[in-house]
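Accompanying notes for the structure given below.
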Amino acid sequence: LYRYCLQWHRIVQGRVNPEWWEKVLAPLEQLELAATNDSEDMELQTRALTEPLPTNQQAYRDHHLYALEKWLHKNQVLHPKGPVLGFCKGHPVYPRSCVQTLQSRHGWLTEGLQVRENESPAKIVTRPKRIFNSQSRESNSNEDELQATTELYGKWQLEPLQLPGAVNGIVPKNERGQVDVWSEKCLPPGTVHLSKPRIFQVAKRLGIDYAPAMIGFDYRSGRCAPVYDGIVVCAEFKNA
C-alpha cells in the first residue's frame, strides 16, 4: 500500500492490527471468491450446452461432452442409451454422461460392492489368450481369472457387499480358512486387518482367533501364487 500513499509513514501508525483486519475481511473474501466461481461455472455450463456437435468422427474419441458407440472402450457401455443428440455420418451421438465403465465381479468387490442376484452381465468380453493360458494353470486364481471370457457389470447392477460378521471373537473365514482382503472394504463386519511383523506368533500366543489375509495373486513365469499379508482378527483384539 505504501506505493499508493505519499504519507504512508504517518498513516501506518494509526492503522489497526493487520491480523485482526484480515480476519474481519476473510468472510467477505470467501463470498467474493464463491461468486466468482459460480459465475465461471455457469459460463462453462452454458458453453457446454451450446457447443456444436463435431462433424468428424475422430473428434468423438474420448470427447468430454459427446460419445459415439463405436469409440467406446472394451469395458464401457451406454446406459441409459439415450437421448440421441444428433448424428455424425449416420452414427447416433450420445451425451458423454451416458457412458458407464464396467468391471468384473471381482473388480467391484475391491470397492466393497457386489452384483445383485439374478443380474445378467452388461457385457461379456474375451480375455487375451496369452493371459488366460498362463493364469488358468493354477487353480488358486480367483474365479474371474479362470474364465476365457469375462463378465462385466455396471454400477446400476450392484449393492453393498454383504459378508457374515464376527461373532463371539470368531473371524468368519472362507472355505480355505482365510479372508480375501482385496481391499479394506472387503473385511467382514467387526474385523480388522493387521499387518505387522510376527503378528501370527502374537495371535497364537494370546489365543486369539485369526485368519490369514490374502491380498491378491502374484503372476510369475506363467504361474500364479496367492499373496498373504498379515492376519484378520476381531476388532476388539486390535490393540491386544
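The values are calculated or read from the model by the stated rules, or taken from the named source; none is laboratory data. What you are looking at is a predicted structure, and each value in this text was computed from that prediction instead of being measured. As a convention, Cβ positions derive from the backbone with ideal geometry for all residues, glycine included, and neighbour counts pool all protein chains shown.
Among residues of region 224-240 that are part of a strand (DSSP E or B), those with a beta-carbon under 7 Å from a residue that is exposed (fewer than 12 other Cβ atoms within 10 Å of the Cβ) at least six positions away or on a different chain give the pairs A225/D218; V227/D218; G230/K196.
All conditions but one from (1) surrounded by fewer than 16 Cβ atoms within 10 Å (Cβ to Cβ); (2) of a type outside the set (G, A, S); (3) at pLDDT 90 or above apply to P197; the one that does not is (3). When residues in region 182-223 are screened for being part of a loop (DSSP other than H, G, I, E, B), charged (D, E, K, R) and free of Cβ contacts under 8 Å to residues at least 40 places away in the same chain, 2 of them pass. In this structure, G177 does not satisfy being in the same structural domain as G230 (by TED's automatic domain parsing) and surrounded by 13 or more Cβ atoms within 10 Å (Cβ to Cβ). If the condition is being closer than 23 Å to P52 by Cα and either outside the structural domain of Y60 (by TED's automatic domain parsing) or polar (S, T, N, Q) (or both), then region 73-97 contributes only S97.
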